[in-house]
Amino acid sequence: MKFFVDTADIESIRDLAATGLLDGVTTNPSLVAKTGRDFVTVLREICAVVDGPVSAEVTATDAAGMLQEGRHLAEVARNIAVKVPLTWDGLKACRALRQAGTMVNVTLCFSAGQALLAARAGATFVSPFVGRLDDVSEDGMALIRDIRTIYQNYPTIETEILVASVRHPRHVIEAAKIGAEVCTVPPDILKKLVQHPLTDKGLAAFLADWKATSQAIPRKGSA
Ligand code: E4P
């Protein structure tokens with residue numbers, strides 16, 4: 001499964017990109033607003049750090065406006081994936097942008113029917129929001145399972161399932177078990193995936209035993 005990070009904060013992105021574990025980035029208008037910075041400047045910086053797809057969301061709500069904004073955003077860098085909402089106009093804009101060779105992430109997906117339409121519109125990615133479904137007492141992961149089943153029934157579908165609105169490490173594990181191609185994860189949750197108290201405890205014990213031997217492993221080369 002590919003890991004995208006769900007943030008517009010360039011410092012967090014730089015930090016995670018340095019691990020080599022980052023396959024892409026998703027932003028949305030709320031995340032950009034949080035930075036207090038100019039959208040295109042932020043996108044340019046992110047695209048200079050990350051080779052994979054960087055989602056940039058349109059704010060027009062009509063198809064023509066989305067298409068015009070999408071064309072502008074797509075010119076920022078070759079790895080921009082234009083993000084459009086899962087509405088009729090969004091689907092129209094998706095098809096037109098895809099025909100022009102632009103990657104498109106169809107976002108705000110909350111039903112299997114919507115995901116089917118996104119695939120028919122040629123979306124590169126569809127983004128089902130699992131956390132927001134859980135918030136209203138629905139089962140976010142059940143939606144991912146449904147979309148996986150539907151897409152598998154039609155091998156010509158190339159749309160990748162991009163699990164979004166991830167709230168905790170279990171969402172990531174469940175998404176991987178279902179076989180979603182991508183999971184976009186807030187930086188703090190990505191970091192939580194590495195944590196385990198038994199790892200910390202085991203490491204402390206190994207280091208204490210090693211110290212007692214008074215040995216040191218010589219270091220070779222530069223870090
Ligand atoms: C996805 O692309 C969205 O930016 C994001 O996952 C939304 O998550 P939220 O529900 O935590 O705002």
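The values are calculated or read from the model by the stated rules, or taken from the named source; none is laboratory data. Only a predicted model underlies this, so the values are computations on that prediction, with no experimental measurement involved. Quick reminder, even Gly has a Cβ in these numbers, built from the backbone with ideal geometry, and neighbours come from all protein chains shown. Areas reflect the complete protein model, heavy atoms only, side chains present, ligands, DNA and RNA absent. Shrake-Rupley method; radii C 1.70, N 1.55, O 1.52, S 1.80 Å.
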Exercise for the section: Would you tally the residues in region 162-192 being open to solvent by 30 Å² or more (accessible area, probe 1.4 Å), within 16 Å of the ligand (Cβ to nearest atom) and part of a loop (DSSP other than H, G, I, E, B)? Expected result: 3
Exercise for the section: Could you please give the count of residues in region 134-159 that are within 13 Å of the ligand (Cβ to nearest atom) and either assigned to a loop (DSSP other than H, G, I, E, B) or open to solvent by 10 Å² or more (accessible area, probe 1.4 Å) (or both)? Expected result: 3
Practice task
Check region 67-76 and report whether any residue there is surrounded by 13 or more Cβ atoms within 10 Å (Cβ to Cβ), part of a loop (DSSP other than H, G, I, E, B) and in contact (Cβ under 8 Å) with a residue 12 or more places away in the chain.
Solution key: yes
Completion exercise
Apart from one, (1) polar (S, T, N, Q); (2) in a helix (DSSP H, G or I); (3) within 16 Å of the ligand (Cβ to nearest atom) all hold for Thr199; the odd one out is (3)
Handout entry: Residue identified as within 18 Å of Thr27 (Cα to Cα), surrounded by 19 or more Cβ atoms within 10 Å (Cβ to Cβ) and either touching a Gly at 6+ places or on another chain (Cβ under 6 Å) or at pLDDT below 95 (or both) among Val82, Val106
Key = Val82
Completion exercise
With criteria (1) more than 13 Å from the chain's Cα centre (by Cα); (2) closer than 30 Å to Arg78 by Cα; (3) within 15 Å of the ligand (Cβ to nearest atom), Leu117 comes up short on (3)
Problem - Tally, over region 75-114, of residues that are among the polar types (S, T, N, Q) and within 13 Å of the ligand (Cβ to nearest atom) - result: 2
Completion exercise
Counting only residues in region 1-42 that are in a loop (DSSP other than H, G, I, E, B) and away from the ligand (no atom under 16 Å from the Cβ), the one most open to solvent (accessible area, probe 1.4 Å) is identified as Leu21
Fill in the blank from the handout: Filtering region 43-65 for residues that are within 16 Å of the ligand (Cβ to nearest atom), over 14 Å from the mean Cα position of the chain (by Cα) and not in a loop (DSSP other than H, G, I, E, B) leaves a count of 1
